[in-house]
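Here it is: the structure, laid out below.
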Amino acid sequence: MTGWLLLGAALAAACGAAALALTLVGLPVLVAVAGFLHRCADVERARLRWVFGQPVPSRYQQPAAPGMMAQAGARWKDVATWREFAYLTGLFVPLVIVGGLVLVIWLTLALGVTLPLWYWAPVEHYPHGLAVHGVQLGYFPNGPSGSGAVGLYVDTLPKALLTALACLILFAAFNYVLVLTARTHASIARAMLRPPEDPLAAAKDLLMSPGPLPPIFGRTDRGPSPAHEGPAHRRGGQPTARTK
């Protein structure tokens, strides 16, 4: 439900900003919409804390100059803003479809475990006035014993117990699929909502770290190279006749 609300809010805000982007009034609207998208992304970041146990940081580009034009340009030229918008609107629908399908299968298996308690309650009506109590797991156009039947019709307690046992085994195995799906969804969200990697981060850390800078072209504490030594050094320190 939170994801659907964020999707609708993000789309409505973006459409409103796009409609006013070419007018002078659109500048403050663009700044406000970018800030609104950041707050929607913060809600998703807070939800990710439940999965990973640690917060997902955020970092945005700062305007280079004062003024509304500079603020709007900095926010909408920022890669982080577009990644948040892509996750809230573009990726949410396929992710929620996959998650919803897995959740429906998981709930169906959980319901199948309780089948012996209520298998007798449903009533299916067929042609020729036939009414049968039970749960049909398949296709039965003419009743449990009619032609064209495919599947299992649970209308007795032994069938219900065997079906519940099979659902229990599948339910225990499908728990891993449910958790894997949730963690995959969370990993994609974290990859989209965390700060973009700075290609100059290593260089900035090096410049900000205390102490002297390390040598760039190898060690600098070597002695003078023999190629640069004078004749006196090459001949034991005694001047030669030519030197004299």
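Which numbered condition in (1) modelled with pLDDT under 95; (2) surrounded by 12 or more Cβ atoms within 10 Å (Cβ to Cβ) is the only one that G148 fails?
So G148 meets the others, but not (2).
Please determine whether any residue of the stretch 23-42 is charged (D, E, K, R) and either touching a Gly at 6+ places or on another chain (Cβ under 7 Å) or farther than 22 Å from V93 by Cβ (or both). Let's see the steps before the verdict.
Let us first name the residues in the stretch 23-42 that are charged (D, E, K, R), namely 39, 42.
In the following step, the residues that additionally are either touching a Gly at 6+ places or on another chain (Cβ under 7 Å) or farther than 22 Å from V93 by Cβ (or both) were identified as none.
No, that holds for no residue.
Out of curiosity, is T23 surrounded by 13 or more Cβ atoms within 10 Å (Cβ to Cβ) and either hydroxyl-bearing (S, T, Y) or not in a helix (DSSP H, G or I) (or both)?
Here the answer is no, as T23 does not meet what is asked.
Sort through L115, L109 and tell me the only one that's under 19 Å from D155 (Cα atoms), touching a strand residue (DSSP E or B) at 6+ places or on another chain (Cβ under 8 Å) and modelled with pLDDT of 90 or more.
Values: L109 fails: touching a strand residue (DSSP E or B) at 6+ places or on another chain (Cβ under 8 Å).
From the options L115, L109, the qualifying one is L115.
Within the set of pairs 6 or more residues apart or between chains, which connect a residue that is under 22 Å from C40 (Cβ atoms) inside the stretch 52-74 to a residue that is basic (K, R) with Cβ atoms less than 6 Å apart?
From residues that are under 22 Å from C40 (Cβ atoms), the pairs are P55/R49; V56/R45; V56/R190; V56/R194.
Restricting to the stretch 158-168, name every residue that is of a type outside the set (G, A, S) and either surrounded by 12 or more Cβ atoms within 10 Å (Cβ to Cβ) or in contact with a strand residue (DSSP E or B) (Cβ under 7 Å, 6 or more places away or on another chain) (or both).
Residues satisfying the conditions are K159, L161, L162, T163, L165, C167, L168.
Please find, among F52, F36, the residue that is more than 27 Å from T184 (Cβ to Cβ) and either modelled with pLDDT of 90 or more or within 15 Å of the chain's Cα centre (by Cα) (or both).
Just a single option satisfies the conditions, and that option is F36.
The values are calculated or read from the model by the stated rules, or taken from the named source; none is laboratory data. Note that the structure is a prediction, hence the values are computed from the model and not measured. Counting neighbours? That spans all protein chains shown, and the Cβs are built from the backbone with ideal geometry, glycine included.
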